[in-house]
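The values are calculated or read from the model by the stated rules, or taken from the named source; none is laboratory data. All values reported here derive from a predicted model rather than from experimental measurement. Because the Cβ atoms are built from the backbone with ideal geometry, glycine has one as well, and the counts that use them run over all protein chains shown.
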Number of protein chains: 4
Amino acid sequence: MSGKVNIAILGASGYTGAELVRMLWTHPQARIVAMTADRRAGQPIGAVFPQLGGLDLPDLVTINDVDWSGVDVCFCALPHGTTQEVIAGLPTHVKVVDLSADFRLADPETYAQWYGHPHQAVELQKEAVYGLTEIARAQVAAARVVANPGCYPTAAQLPLIPLLDQKLVQDQDIIIDAKSGVSGAGRAAKEGSLFCEVTEGIHAYSVASHRHAPEIEQGLSQAAGHPVMVNFTPHLMPMSRGILASIYVKMAEGVTAEDLHTALSSRYADEPFVRVLPFKTAPQTRHVRGSNFVQIGVFPDRVPGRAIVLSAIDNLIKGASGQAIQNMNVMLGLPETMGLQNLALFP
Amino acid sequence: MSGKVNIAILGASGYTGAELVRMLWTHPQARIVAMTADRRAGQPIGAVFPQLGGLDLPDLVTINDVDWSGVDVCFCALPHGTTQEVIAGLPTHVKVVDLSADFRLADPETYAQWYGHPHQAVELQKEAVYGLTEIARAQVAAARVVANPGCYPTAAQLPLIPLLDQKLVQDQDIIIDAKSGVSGAGRAAKEGSLFCEVTEGIHAYSVASHRHAPEIEQGLSQAAGHPVMVNFTPHLMPMSRGILASIYVKMAEGVTAEDLHTALSSRYADEPFVRVLPFKTAPQTRHVRGSNFVQIGVFPDRVPGRAIVLSAIDNLIKGASGQAIQNMNVMLGLPETMGLQNLALFP
Amino acid sequence: MSGKVNIAILGASGYTGAELVRMLWTHPQARIVAMTADRRAGQPIGAVFPQLGGLDLPDLVTINDVDWSGVDVCFCALPHGTTQEVIAGLPTHVKVVDLSADFRLADPETYAQWYGHPHQAVELQKEAVYGLTEIARAQVAAARVVANPGCYPTAAQLPLIPLLDQKLVQDQDIIIDAKSGVSGAGRAAKEGSLFCEVTEGIHAYSVASHRHAPEIEQGLSQAAGHPVMVNFTPHLMPMSRGILASIYVKMAEGVTAEDLHTALSSRYADEPFVRVLPFKTAPQTRHVRGSNFVQIGVFPDRVPGRAIVLSAIDNLIKGASGQAIQNMNVMLGLPETMGLQNLALFP
Amino acid sequence: MSGKVNIAILGASGYTGAELVRMLWTHPQARIVAMTADRRAGQPIGAVFPQLGGLDLPDLVTINDVDWSGVDVCFCALPHGTTQEVIAGLPTHVKVVDLSADFRLADPETYAQWYGHPHQAVELQKEAVYGLTEIARAQVAAARVVANPGCYPTAAQLPLIPLLDQKLVQDQDIIIDAKSGVSGAGRAAKEGSLFCEVTEGIHAYSVASHRHAPEIEQGLSQAAGHPVMVNFTPHLMPMSRGILASIYVKMAEGVTAEDLHTALSSRYADEPFVRVLPFKTAPQTRHVRGSNFVQIGVFPDRVPGRAIVLSAIDNLIKGASGQAIQNMNVMLGLPETMGLQNLALFP
């Protein structure tokens, strides 16, 4: 690339929007030319996110007021449902990374079942590439529209796909007990996201009914070569960022936990953002906070034939905006790690 | 009972010791006559725990300085290992509730295997009753020495024992993913318990190697009628108090999640401290914080034949000092809820 | 009193309402006969506050549906503004403790200036007693309507009133830097109260414009005998409960910090809920959390002639519902500490 | 500069050491050639800080094992007291940024009084420059040894020095009420830094006796032109990072709060890391977390003649390691913002 990439961010008033602005601000090739937030149009981004105040950035506008002629890449961080039509209406010279769920499920019937209404842009969905970068790099490189994976699906699929693909674990009775920070619920003012309702406690939510289940199963089924159904139980935790997925699996006949560890280490040896920890080392979400890294740990269970696989990400970065920029880099032929090299902020 | 019960607390400088003092202070029949803390002997309890300052309580003493002649009940909140000999040396007119792990495992070989040394008081261990009150009330009532259950084992066994006892769930592939607050690690100054190392993150620890696993399996095996082995994976969370156990089970042939819910509701209908929530309602640790209550929730899984059982306790109360007082009440023939009627402190 | 006191709680769906329910549930003389929450009418309290589920309590009703004939005491935990007319309309046999700000300011002009509209029940306001219990016990005992003090004013006035009353500190340049937990903002779903917006940070708010300033100044002016104006700067902290007031004062000529400490110790020596800590000992909000206690510390400054006075309360208890019950006890001639003897829940 | 700057970090096993590694890792001109941690010598940094694992960095060594011949710059993050002799013994071709307090106080008697022993390297102290970069840029540029300011002194001096220098505020009765995150206490395993002892509460500590007081007064006295004594009261807060200084001042005759705001805005208009917020806007520590920025807010008080000045920093970055790198950049003639351009990580 010569020259800067001109970028529009749709939905800049949410947490994933703010993360895009934060990271693109220091991305050597990126220039933010438009940011939208319908209800805050006309205001500077610093009025919505004080930590972004005082920068040389355009004011917020409505989607209708974006001049698309000079835009190269659009990040779409709008709510689920409205996104389909917005993206379908964009000029085709604009490459799109969509952070909503709208283009993640390849099967329109599965979409309709879980989201309660028919998909509004079925043709575009066929074109969209599911952008779990480490798994689908070549397709992402060729895509015009990338559906950026959900946070839980990123944490669950990265360790499980290689294991299923290589038949190292059984595809029955996979348990994914996931723990998420509150930013996953977005910035909407909801009673359940209030400090006093979240701090100093934990609870499961959307038990056996969370919309990320079919997304996880889609990827695992592709890897296994046939339909896989999992238990996926998310929990809400008193922390802003981070997802830990504690995954309980039965190994295939004759396979050991060391084999799982070896397979994952080998599969991800050259991946800049995936770190398979030494055998029997537990990842901590705080050790990836603020970074695009994934940490994966593998343990043998005391119960014969079982293993425990743990993965940790920052839900707003590798689980959202960081992976989105990673996908943009791939789509544009830029170095994949450009603008994403920050190490975790700890403590 | 006429008159007050005279109580000694061994190990009053830890969190469970402080909780005993806090709750016994408002217990209508209790009088604290001795509190020990070897390194703080001579100081008032308020020097160790300012929230307990200014009360009419005796100063801390060493164990050797306790006058046992007037003591009716001894709560022992000492570290594992040293407890055995201390309790073995107490005069036999003293009833004992031991909060350490020293008398919990009935099998001396299992003890030696997990704790790394032979048990020092095997005869006394035979006499000791495992005090999961709702399960062993009659034995507790007749006991002189009660081994108070561990925090994780309390959270795991209360929902699982009735289900295994009634053959409603399979005894294979039970997964117990537990999340605990930091007070479970005690008040010792360890790097891993520092605020900066714990806040804003989560991680698993003692994976497949936690000492509460054999304690859980002991109770489940008794309920099932044969040896049961479980996956038990504890996680450390940024909260002071609370344990949530997320338990993943396969149901017996023909059994539904509603059946599990009905069985638990029925089993605990008359229990003052166990609340089985309406079907498909998730318990939150913050809704039992500061109380002796247990909340249990039951959900069907999307995966056929599977169910999810969730239980929440305050690890320092129902998981330690509260259950210890509950056991004392039972041992003395006092109303079981005496001094334990506080509702949860929320928010 | 023979028999139970029948109690109505108006506004039971907020945090102070829930605290009233929690504490009155274990109050030996209280019986809750009505709880209102207009938008949740018809539901059990457990639907609004799960930690209060399963108790033998009446369902929530609208205010209009309360049968006042059998009600002895009404706690009013409604929003500011609407309260005046509600209380003015109650039958006069009902004693009232109002937790809103509506009857706290004796001067209707000050009220109108800070609250933006004329007071709607000026006659009733004249009758109302400002219920800072330790300062106005006799008036509270004789009152039918008690205006329960605000949380910040409770923390600020208890240490300052005796010092001003005894002319030990100058009434100029009093700085009150206060830090509050988030529950002070109530349970309303506001962006500024979201977990992600509050955790891991601190900021001042309502700087030089908080409505508790005139309430504080009212009490200090009465103590000083002439108008006192203070700097009052509240800060929002990542904790659910607690207020710490750090108060910076200049001492009167010849007075030392020891004198302040002696005066406060002496003034509060017989008060069951006020604990003046040893000289140069700092109170911590966590050491009063969950209790009706106040802790006060006094330090000399390095700057000659200055002192630092620190006070800590639980904003929902001594700063709201606990003091309200304390006032009820006084109004009814019950022992003042009845139902309020819980020690702090720490950790 | 052509080529990389070779850097040694003494004391890499503490939080400020880890922050240096984190930031220097992405600094375009920096190459870390040595990291010391006497008790962890021989281990990789990832064994001490897992978030730094897997990087191409040298193993930890003892100070004695550092080969100084190729080292250009040394960051010294050792405990106070031992630092003096270590730095005095370094070869003089090494430029030094010292993060301890050892060279901050220009007056050896003040040092001896507050630190309890005579200074061990008085000559070197005369040479050392106090590196509050925005105030002493020219001296830093010429220095071989820079004493990096303390966290509280950075937060307090940046807003106050211009105001005193321009005689806009009185130098009497300055109150600095500061609130700090726990990382300021370092990574040592102390009871007072445990999660359970810090979360959900606040308290003042080192009241009128904190060692940062003379450091603050040194800078303010220089600005005022004569000795200034302040009230400085630090508080410990349940957050990892951040300092908020709430500063209460009396203005000089005829000066308004707008004047203070104008003066600070003007003074810092060209400073890349200092942001004076719009008049009457409160800074939040979370809006500078993870960045080298300072945010400053100015408010008029209701009390005539008084104003409130608030400043927020990340104590580990602008209050320690970030400012240290900023100073290195200045000392080497590199662009001052190099490697320091990250925006705050929020939420």
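Overview of values
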item	result
Segment A:208-221 residues that are in the same structural domain as A:I135 (by TED's automatic domain parsing) and free of Cβ contacts under 8 Å to residues at least 12 places away in the same chain, paired with ones that are aromatic (F, W, Y) and assigned to a loop (DSSP other than H, G, I, E, B) (beta carbon under 7 Å, 6 or more apart)	none
Selection from segment D:179-194 of residues that are outside any loop (DSSP other than H, G, I, E, B) and at the interface with chain C (Cβ under 10 Å from one of its Cβ atoms)	D:K179, D:S180, D:L194
Single residue of segment D:65-102 satisfying the filter (loosely packed, with under 15 Cβ neighbours inside 10 Å and of a type in the set (S, T, Y)) that is farthest from D:D38 (Cα to Cα)	D:T92
Enumeration of residues in segment A:195-235 that are in contact with a Pro (Cβ under 9 Å, 6 or more places away or on another chain), in a loop (DSSP other than H, G, I, E, B) and surrounded by fewer than 19 Cβ atoms within 10 Å (Cβ to Cβ)	A:Y205, A:S206
Criterion (in contact with an Asp or Glu (Cβ under 7 Å, 6 or more places away or on another chain), assigned to a loop (DSSP other than H, G, I, E, B) and polar (S, T, N, Q)) met by exactly one of B:S246, B:S321, B:S291	B:S291
Subset of segment D:89-129 that is acidic (D, E) and closer than 16 Å to D:L10 by Cβ - its residue that is modelled with the highest pLDDT	D:D98
C:L158 being touching a strand residue (DSSP E or B) at 6+ places or on another chain (Cβ under 8 Å), of a type in the set (A, V, I, L, M), closer than 25 Å to C:E85 by Cβ and more than 14 Å from chain D (Cβ to nearest Cβ)	no
Enumeration of residues in segment B:270-283 that are more than 21 Å from the chain's Cα centre (by Cα) and either surrounded by fewer than 16 Cβ atoms within 10 Å (Cβ to Cβ) or assigned to a strand (DSSP E or B) (or both)	B:P278, B:F279
Criterion (under 19 Å from B:S311 (Cβ atoms) and surrounded by fewer than 20 Cβ atoms within 10 Å (Cβ to Cβ)) met by exactly one of B:Q139, B:Q166, B:Q157	B:Q166
Strands (runs of 3 or more DSSP E) fully within segment A:1-107 counting 2 or more residues that are touching a residue at least 60 places away in the same chain (Cβ under 8 Å)	A:5-10, A:73-76, A:95-98
Any hit, segment A:23-32, residues being at the interface with chain D (Cβ under 9 Å from one of its Cβ atoms) and surrounded by 20 or more Cβ atoms within 10 Å (Cβ to Cβ)	yes
Some residue of segment B:331-347 being β-branched (V, I, T), part of a loop (DSSP other than H, G, I, E, B) and more than 30 Å from A:N231 (Cα to Cα)	yes
Boolean, C:R286 is buried (at least 24 other Cβ atoms within 10 Å of the Cβ) and within 11 Å of chain D (Cβ to nearest Cβ)	yes
Tally, over segment A:132-190, of residues that are touching a helix residue (DSSP H, G or I) at 6+ places or on another chain (Cβ under 7 Å), among the basic types (K, R) and within 30 Å of C:A189 (Cα to Cα)	1
Residue match in segment C:321-331 (condition: within 17 Å of the chain's Cα centre (by Cα), within 14 Å of chain B (Cβ to nearest Cβ) and within 25 Å of B:G290 (Cα to Cα))	yes
Residue among D:H226, D:H210 that alone is in contact with a strand residue (DSSP E or B) (Cβ under 7 Å, 6 or more places away or on another chain) and more than 8 Å from chain C (Cβ to nearest Cβ)	D:H210
Counted residues, segment D:253-269 - those being buried (at least 17 other Cβ atoms within 10 Å of the Cβ), away from chain C (no Cβ under 11 Å) and over 22 Å from D:F346 (Cβ atoms)	8
Residues of segment B:24-45 classified as within 25 Å of the chain's Cα centre (by Cα) and not hydrophobic (A, V, I, L, M, F, W, C), total	7
Residue match in segment A:325-338 (condition: surrounded by 24 or more Cβ atoms within 10 Å (Cβ to Cβ), touching a strand residue (DSSP E or B) at 6+ places or on another chain (Cβ under 7 Å) and in contact (Cβ under 8 Å) with a residue 12 or more places away in the chain)	yes
Lone unmet requirement of (1) more than 23 Å from D:Q139 (Cβ to Cβ); (2) crowded, with 23+ Cβ neighbours inside 10 Å; (3) at pLDDT below 95 for D:D38	(2)
Scope segment B:127-156; condition of a type in the set (D, E) and within 15 Å of B:I325 (Cβ to Cβ); matching residues	B:E134
Of residues in segment D:294-318 being assigned to a loop (DSSP other than H, G, I, E, B) and touching a residue at least 60 places away in the same chain (Cβ under 8 Å), the one farthest from D:S246 (Cα to Cα)	D:L316
